[in-house]
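Working notes for the structure below.
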Amino acid sequence: MNYTVPLTRPMILLIVGAALAIGVIRVTFLSISKAQSFAGCPADLSQTGVDPTQTVAMWNNLPIRPLTALAETLSESQKKVLGSSADEKWIEVDLSDQKLIAHQGDSIFLESLISSGLWGKTPPGEYAIWYKIRATKMEGGNRATNTYYYLPNVPYAMFFKGDFGIHGTYWHQNFGKPMSHGCVNAPTPIAEKLFYWTDPVLPDGQWAIRATNANPGTRVVIHE
């Protein structure tokens, strides 16, 4: 014999409440995932040197070896020469071609493949570099979606919009394809040259610099 259990009012309220709770949890999870994954590259701008005590980094939930020393290929005189041009300088980032082009007057200073946002979109628009730091820790993403990263000593970071910046890269070499959480990943030797070529000018012996009216940042144009 088949028996049908009548649904009482308390049982109906319990079922409806459970369904609503599941929906709220799902929406909250998706919101947190989106917020943490699409925020650019949150960085420690108070850092004043390479931290050699950082021996473990994480990229998409996987452990990797971090930098423990800043890779420097330019001499002090070369750094000064790079930043001395009076010609107009601006950086173009082509998201479709995954390419960065540094323009100086009517010529091209350098161009390189880059990796723009995959888990978070690199924002198209026209900006200016507002902060430069020789190396900094970056942390973000989401463990639940396997996008968490903890990257000490990211070299030659140039921020152009909040937490979005151009910087060197030691955790992958897959340039030419989107790989980041919104920043522009560049090969570290390219980022080093850009760092000393761009404004604001970094005074000798200083670790970081913020753009001012007297020392404005280089223009950055990002397009599809």
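Rule-based calculations on the coordinates, nothing more; no lab input. All values reported here derive from a predicted model rather than from experimental measurement. Backbone-built Cβ (ideal geometry, glycine too); neighbour counts: all protein chains shown.
Find which of Pro124, Ala144, Trp207 sits farthest along the positive direction of the dipole of segment 38-223, computed with +1 on the beta-carbon of Lys and Arg, -1 on that of Asp and Glu, about the Cα centre.
Ala144
Based only on other Cβ atoms within 10 Å, what is the fewest-to-most ordering of Thr169, Thr48?
By the 10 Å Cβ count, ascending: Thr48, Thr169.
Please rank Arg210, Arg65, Arg134, fewest neighbouring Cβ atoms within 10 Å first, as an exposure proxy.
Listed from fewest to most nearby Cβ atoms, that is Arg65, Arg210, Arg134.
Could you list Lys89, Lys132 so that the one with the fewest beta carbons within 10 Å of its beta carbon is first and the one with the most is last?
Numbers: Lys89 18, Lys132 28.
Neighbour counts put them in this order, fewest first: Lys89, Lys132.
Calculate the dipole size of segment 139-221 relative to its Cα centre from +1 charges on Lys and Arg beta carbons and -1 charges on Asp and Glu beta carbons; express the result in debye to the nearest 20.
240
Only four residue types carry charge here, +1 at the Cβ of Lys and Arg and -1 at the Cβ of Asp and Glu. Report the dipole size of segment 33-140 about the Cα centre in Debye, rounded to the nearest 20.
420
Quick one: which of 175-188, 104-117 comes out on top by average Cβ neighbours within 10 Å, and what's the full order, highest first?
On the way: 175-188: 21.5, 104-117: 16.5.
Answer by packing, highest mean first, reads 175-188, 104-117.
Sorting check: for 69-76, 147-154, which peptide has the highest mean count of neighbouring beta carbons within 10 Å, and how do the rest follow?
147-154, 69-76
For segment 193-205, just list the computed ³J(HN,Hα) in residue order, Karplus coefficients 6.51, -1.76 and 1.60, θ = phi - 60°, integers in Hz, with x standing in for Gly and Pro.
Values per residue, Gly and Pro as x: 5, 4, 4, 8, 7, 7, 9, x, 5, 8, x, 4, x Hz.
Compute the Cα gyration tensor for segment 59-213, then decide on rounded, prolate or oblate, letting a ≥ b ≥ c be the square roots of its eigenvalues: rounded whenever a/c is under 1.5, prolate when a/b is larger than b/c in the other cases, and oblate in all that remain.
Prolate, since a/c reaches 1.5 and a/b exceeds b/c.
With +1 on each Lys and Arg Cβ and -1 on each Asp and Glu Cβ, and nothing else charged, work out how big the dipole of segment 38-223 is about its Cα centre, in Debye to the nearest 20. The partial results should precede the final answer.
Working: 15 positive and 17 negative charges, 90 e Å.
In total the dipole reaches around 440 debye.
Would you be so kind as to identify which of Gly105, Ile190, Gln173 lies farthest towards the positive end of the dipole of segment 38-223, taking Lys and Arg as +1 and Asp and Glu as -1 on Cβ and the Cα centre as origin?
Positive-most Cα among the choices belongs to Gln173.
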